[in-house]
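So the structure is just underneath, and the comments pick up after that.
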Amino acid sequence: MSSMVTNEGPPLLEVQNVSKYFGSVIALKDISMKLYAGQVMCLLGDNGAGKSTLIKILSGVHQPSEGQYFFEGKEVHFNSPRDALNVGIATVYQDLAMIPLMGIARNFFLGSEPTKGWGPFRRFDVNFANRVTREELAKIGIQVRDTAQPVGTLSGGERQSVAIARAVYFGAKVLILDEPTAALGVKEAGIVLRYIAQARAKGLGVIFITHNPHHAYPIGDHFTLLNRGRSMGSFAKSEISREEITAMMAGGEELETLSFELAEFARTDAIAGSSLAEAAREFEQEAEVLHEDQHEPRQVE
């Protein structure tokens, strides 16, 4: 499915030279990134790269220590995730805010339950919730026998897709997905990636956080790589290959240095081993001489 991104007008979401400090610890330094409507931006990096800190800034959990944050061309300052959600920035974390024993429809509307009746007679509108949940899940190819069945009976990929569908239904313009394919098999990851493509086709901007370039590259339009809180660059898909992304994440220059160091260790060990072998041979010869001396017959005067 092709991307709808046009790069016309201001980005849907943008951060410029954003930094975050926790006391003397530099969690992020001078990070810049743009996301347009109808685009999937893949944010890649290994553990400790700063991905979690950045998405917490984007979702309103943290405020940046330095830098600017823009949404739809206007500078914003979020004091809570609710502020970000109110303008249409929805974050789906790896640890889903779902209650496994609660029904699918109840989870779909968790926190925004539709009601009918009034006053003391107001109650959860079961029919409306079931119908909407069934329709929204059908759009992403998930058929459920009963929307009252516990959400815990769904697979990991299906639960991720339910959370994404819920965010889209409630008006999200930007989806921030925190490692949605982590710990999923190939088929389950495919379910999630398919719905990411559908969200992009609807004109949403998607930030896909992952440490897996094999999941990111097929679906991504743009790639931002982080390493130890700093940006290694931001690239369009036409500017970088999957192999280059993998090498950068693995630390290409660092691997070359490590390879040289290991070769040097091997050479040094070989020299040391040769020296030890020679010393062992000399010791063995000396031991034989001593042994012969000890067993020579003594002359008695």
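Taken together, the values in this text are just the output of simple stated rules run on the coordinates, not laboratory data. Quick caveat, the model's predicted, so the values are computed rather than measured. For neighbour counting, all protein chains shown are included, and Cβ atoms are generated from backbone atoms with ideal geometry for every residue, glycine included.
Of all the residues in region 60-86, those that are under 15 Å from Phe170 (Cβ atoms) and crowded, with 17+ Cβ neighbours inside 10 Å number 2.
Got at least one residue in region 142-159 being within 24 Å of Gly185 (Cα to Cα), among the basic types (Lys, Arg) and surrounded by 18 or more Cβ atoms within 10 Å (Cβ to Cβ)? Looking for residues that are within 24 Å of Gly185 (Cα to Cα), among the basic types (Lys, Arg) and surrounded by 18 or more Cβ atoms within 10 Å (Cβ to Cβ), one finds at least one in region 142-159, hence yes. Residues in region 200-219 that are of a type in the set (A, V, I, L, M, F, W, C) and within 20 Å of Gln94 (Cβ to Cβ): Leu204, Val206, Ile207, Phe208, Ile209, Ala216, Ile219.
Please go through region 70-81 and pick out each residue that is free of Cβ contacts under 8 Å to residues at least 24 places away in the same chain, farther than 28 Å from Gly157 by Cβ and not in a loop (DSSP other than H, G, I, E, B). Once the filter is applied, which keeps residues that are free of Cβ contacts under 8 Å to residues at least 24 places away in the same chain, farther than 28 Å from Gly157 by Cβ and not in a loop (DSSP other than H, G, I, E, B), region 70-81 yields Lys74, Glu75. Of all residues in region 87-104, those that are surrounded by fewer than 16 Cβ atoms within 10 Å (Cβ to Cβ) and under 20 Å from the mean Cα position of the chain (by Cα) total 3. Would region 38-45 turn up any residue that is within 19 Å of the chain's Cα centre (by Cα) and more than 30 Å from Gly111 (Cα to Cα)? Within region 38-45, one or more residues are within 19 Å of the chain's Cα centre (by Cα) and more than 30 Å from Gly111 (Cα to Cα).
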